[in-house]
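> Got a structure here, written out as structure tokens. Questions coming.
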Amino acid sequence: HQRIHSQIGMSPIKKLEEGMLGDSTKPGIGLPPRILNEDRLLLDFMPFVERTIQNYGVMFENICYYSNVLRTWINSTDPANQKNKRKFTFRYDPRDISKLYFLDPELNVYYPVPYRTTYRPVINIWEARESYKKAKESNKEINEEILFQAYEQLREIERNAQKTTKAIRRAAQRKLDTKSRKDCIPSTDSQVVDKVESRNKNKETHQIVIQAFDDIDEDITP
């Protein structure tokens, strides 16, 4: 948004400011109204898929979703062509696909639609696709159960890798600690020994000898 756009001759952010605030030749339209429903705004900008609604619910990334809000629309036909099933908009958050968001075409309201099997773990869309690739290695047909089994296998591999990484890190730290302790131990090579002996000799040479007191004549009075 900060770069110059070749078609408008300015950056998009500058064009937005010009439209709202105006310039020397024309007034702006003013600031847009404040967003009152931020959740709705977020959902409106999320990616979406279009799905027909079956008796079991809807399928997305090989996972089944269901909610009672879908019952009214099960097996609905397309108003423009009665021979075709009607498709509905479902928004999703790629970071958490444990639920979809169904846009009711009459009420224009989003409703959350969770996993049909509610005890499934929360995953993101990249984990779902990674699990699908893993499952495809040993299965010709993929269903939801196989998909989540592959997901658990991948997580177990990840947990083991983390343990291995921690073990390697701890071993490396122990080596560093051992080396540090060795560096703290005084060296006993010949040069150091010579220095110690020389120091001791100097101490002996400069040692102060305490002489005995001279005899003192005392005048003893009876």
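> Only one of (1) open to solvent by 80 Å² or more (accessible area, probe 1.4 Å); (2) under 24 Å from residue 127 (Cα atoms); (3) not in a helix (DSSP H, G or I) fails for residue 3. Which number is that?
(2)
> Looking at region 128-151, which of its residues are outside any helix (DSSP H, G or I) and either β-branched (Val, Ile, Thr) or at positive phi (or both)?
Of everything in region 128-151, just one residue is outside any helix (DSSP H, G or I) and either β-branched (Val, Ile, Thr) or at positive phi (or both), namely 142.
> Now for a different question. Cβ contacts < 6 Å: first residue among the aromatic types (Phe, Trp, Tyr) and modelled with pLDDT of 95 or more, restricted to region 46-68; second residue assigned to a strand (DSSP E or B) and open to solvent by 20 Å² or more (accessible area, probe 1.4 Å), any location; separation 6+ or different chain. Result?
Sorted first by the residue in region 46-68, then by its partner, the pairs are 48/89; 48/91.
> Report whether or not residue 127 is acidic (Asp, Glu) and open to solvent by 90 Å² or more (accessible area, probe 1.4 Å). Before the answer, list the steps.
Working: acidic (Asp, Glu): yes; open to solvent by 90 Å² or more (accessible area, probe 1.4 Å): no.
No.
> Looking only at region 18-60, which residues are open to solvent by 80 Å² or more (accessible area, probe 1.4 Å) and either among the acidic types (Asp, Glu) or part of a strand (DSSP E or B) (or both)? Lay out the reasoning, then the answer.
Initial filter on region 18-60 (open to solvent by 80 Å² or more (accessible area, probe 1.4 Å)): 21, 24-27, 29, 31-39, 42, 45, 48, 50, 55-56.
Residues satisfying the conditions are 27, 38, 39, 48, 50.
> On to the next question. Please work out which residue is nearest to the chain's Cα centre (by Cα), limiting yourself to region 95-119 and to residues that are closer than 20 Å to residue 55 by Cβ and either of a type in the set (Ser, Thr, Tyr) or open to solvent by less than 40 Å² (accessible area, probe 1.4 Å) (or both).
100
> So residue 107 clears everything in (1) in a loop (DSSP other than H, G, I, E, B); (2) under 30 Å from residue 136 (Cα atoms); (3) hydrophobic (A, V, I, L, M, F, W, C) except one condition, right? Which one?
Residue 107 satisfies all of (1) in a loop (DSSP other than H, G, I, E, B); (2) under 30 Å from residue 136 (Cα atoms); (3) hydrophobic (A, V, I, L, M, F, W, C) except (2).
The values are calculated or read from the model by the stated rules, or taken from the named source; none is laboratory data. Note that the structure is predicted; figures quoted are calculated from it, not measured. Because the Cβ atoms are built from the backbone with ideal geometry, glycine has one as well, and the counts that use them run over all protein chains shown. In case anyone asks, the SASA skips ligands and DNA or RNA and just uses the protein heavy atoms, side chains included. Shrake-Rupley method; radii C 1.70, N 1.55, O 1.52, S 1.80 Å.
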